[in-house]
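Heads up, the thing below is written out as structure tokens.
The values are calculated or read from the model by the stated rules, or taken from the named source; none is laboratory data. This is a predicted model, so every value here is computed, not measured. Neighbour counts are summed over all protein chains in view; Cβ atoms, including those assigned to glycine, are modelled from backbone coordinates with ideal geometry.
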Amino acid sequence: MRYLFDRTLARSTGTLLGWLALSCLGVVVPVSALLVWTDPNAPHSLSGRLVQVGRTSAETLRLGAANGAPLRMLLSVLLGLIALLCVSTVIGVVTTGLGDRLTELRRGRSRVLEQGHTVVLGWSDQIFPLVTELIAARPGGVRQVITVLADRDPALMERALVNAVGPMAGVRLECRSGEPTDPDALALVAPGRARTVTVLPAEDADGDLTVVRTLLALRTLLPAEGGPRVVAAVHDGRHLPAARLAAGPCGTVLETDRTTARLLVQCAGHPGMSSVLRDLLDFAGAEFHVSDVPEAAGLPFEEVALRLEASCAVGLLRADGGLVLTPAAGTVLGEGDRLVTVAHDDSPVPLGDHPAEVDAGAVVPPRPWTEPPVRLLLLGWNRRAPLLLDLLRRTARPGTVLDVVTDSPPGHGDTAPLSVVHRTADPAAPETLDGLDLGGYDSVIALGADRGTGPERADDRTLSSMLVLRAWEERNRQVLPVVAELRDHHSRRIAPLGPASDVVLRGELTALLMAQIVDNPELAAVFEEIFAVRGGALALRPADQYVRAGREAAFATVVAAALRRGECAIGYRAHDPHALRPYESVRLCPGKSERRVWSGQDEVLVLTAGRGKAEPPGPGRCVLPGMRAEHGEGDSPPNSPEAGVVP
């Protein structure tokens, strides 16, 4: 009987209405009869009581309550049925419309009505540091709207961002669901009225092609002239030309994989460099600025640098748009030239009346220096490993050895002068690492998997390798410089770090660069020179190369000594053997008058001269604010002083 009932309900709407009518009559008629028979004022005759039962049932079902002849009552019932049908239809239409609208709102398909908002297209791990920095860059008291469009559930996106970023006072987050490659979906976030548009690459194999298609879709909605600034990123440098052509002459496209590889190489040679770059590129501490200093016109660069007490000058942005980083000390500033500085805020740069005092007796004359060959260990393999090998090949000293431990033999070409030795083993297995002479390595680089079963799964093997290395440090009471590449920002909080260990979040540096360029597009040329042309332009050098060890001197003396070497000093790291994490205590932009006794173990953070040649503008690229392509000439040759990216 239950199967029969289910089959009859499934036949048609008419059958369903019939069962509904029978169910209603089966309840209404008996209850109406009970009411009539228990009413002391009810008619005494059976026919009268039955008429009363019919009238009560009709009133209950709103089928009319006309009295009189049977035909009159039937017509009343017919009108009641028609009224019931009309009312039910109206209610159904209203309910369906509201339901569809609510479903559309829940799916994030409503249009954004803002102007001057920030648009983020796509979803990846880079979105969390990007949104964090966009919020940090917001001027105080200014309302900000950040709109995210991705092919995900908007409620899940908003919840993930709120959990990662934290409270967002003065910021409204609007998440919309749709394919960023679809112009109709892009129209929901009104990119033509936005202040900036940022395009993030996905982690899948076609993520770069999706970025190119998204940039092409954007062109259909943006005005031919003016419009918002567009900043995008791709993983593979092979897709840079197409992405730049799609972004147009005013777009900026960055490459994440090579930037991450550069950072890994730098951190392998200078523990703590990752935290230094985060401090320079986020909005919480000191960062790069382009400032107008009219009173500096006609003064040499060295005098201007020494007259800045709370900021560090690193270059000039000429009036014609040309950029000169680490200019010669005697370079004279012209009218309209702007100063590139590293400072803790973007307030106007105050120029002192007189240069800071320099202790000439404490300055060490420039002298050539070389670093010995080193032995490095590479654990794991991913798509950034060939880029890392290429960077090491072009920056390593002759005699440098790289041991590679992977599950399967990787393919790599000629690596001379770098000597590469491969071992096939599980890099996360304790027996593999215990079988290596870890004490003989100057640095260890642990690479994470490209993709895993989830954001947390991709880092499990890397965390396991770090744990074994940390156990070896504690067992042997030795400090082993380790730099690990992780994907999930939550993994950094639980990573077992040693005193000289460092973590590089994949794509984090690119996300910070994107946030800086979104906030100030003039910095694109500065970052282009530092990260694309010069490569490892930032370096930590021993302090005794600038000032005499054991001698008290002001930081202005270090600045003057660095300028004589063609470098710009922007901070230092004091040697503290008792610190738990001694390599993270870099002090940026100290006062020029700050005095201390410098030791041979102290290090000075400098922006080096570099020897990279700028690539001439070509199709799909522009000097400002585009980024130049990554190429071999942008890194220092193996025997140059600028090649100090390994210990």
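Checking each residue in the stretch 283-321 for being farther than 26 Å from His354 by Cβ, assigned to a loop (DSSP other than H, G, I, E, B) and touching a Leu at 6+ places or on another chain (Cβ under 7 Å) picks out Gly285, Gly321. The sole residue among Pro368, Pro386, Pro350 that is under 21 Å from Val547 (Cβ atoms), out of contact with any strand residue (DSSP E or B) (no Cβ under 9 Å at 6 or more places or on another chain) and not hydroxyl-bearing (Ser, Thr, Tyr) is Pro368. For the criterion of being crowded, with 17+ Cβ neighbours inside 10 Å and of a type in the set (A, V, I, L, M, F, W, C), Val597 fails. All of (1) farther than 23 Å from Leu85 by Cα; (2) exposed (fewer than 14 other Cβ atoms within 10 Å of the Cβ); (3) more than 60 Å from the chain's Cα centre (by Cα); (4) of a type outside the set (Lys, Arg) hold for Leu25 with one exception: (1). Put simply, of Leu245, Leu280 the only residue that is of a type outside the set (Lys, Arg), assigned to a helix (DSSP H, G or I) and in contact with a strand residue (DSSP E or B) (Cβ under 7 Å, 6 or more places away or on another chain) is Leu280. If I filter the stretch 520-532 for residues that are at pLDDT below 90, under 28 Å from Leu306 (Cβ atoms), β-branched (Val, Ile, Thr) and part of a helix (DSSP H, G or I), do I get at least one hit? Yes; the residues of the stretch 520-532 include at least one that is at pLDDT below 90, under 28 Å from Leu306 (Cβ atoms), β-branched (Val, Ile, Thr) and part of a helix (DSSP H, G or I). Inside the stretch 214-227, residues that are modelled with pLDDT of 90 or more and either of a type in the set (Gly, Ala, Ser) or within 20 Å of the chain's Cα centre (by Cα) (or both) make up a count of 3.
Residue-by-condition table, conditions (1) buried (at least 17 other Cβ atoms within 10 Å of the Cβ); (2) under 17 Å from the mean Cα position of the chain (by Cα):
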| site | (1), (2) |
| --- | --- |
| Leu149 | yes, yes |
| Met157 | yes, yes |
| Ala164 | no, yes |
| Val171 | yes, no |
| Pro183 | no, no |
| Leu200 | yes, yes |
| Glu203 | yes, yes |
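Taken over the stretch 492-502, the residue count meeting the criterion of being surrounded by fewer than 24 Cβ atoms within 10 Å (Cβ to Cβ), in contact with a strand residue (DSSP E or B) (Cβ under 6 Å, 6 or more places away or on another chain) and in contact (Cβ under 8 Å) with a residue 24 or more places away in the chain is 1. Looking only at residues of the stretch 562-584 that are touching a Pro at 6+ places or on another chain (Cβ under 8 Å) and in a helix (DSSP H, G or I), we find that the one that is modelled with the lowest pLDDT is Pro582.
Residues that are more than 22 Å from Pro496 (Cα to Cα) number at least 1 in the following strands (runs of 3 or more DSSP E) confined to the stretch 389-446: 401-406, 419-424. Selection of the stretch 322-351 for residues being more than 12 Å from Leu308 (Cβ to Cβ), assigned to a strand (DSSP E or B) and β-branched (Val, Ile, Thr) yields Val324, Val332.
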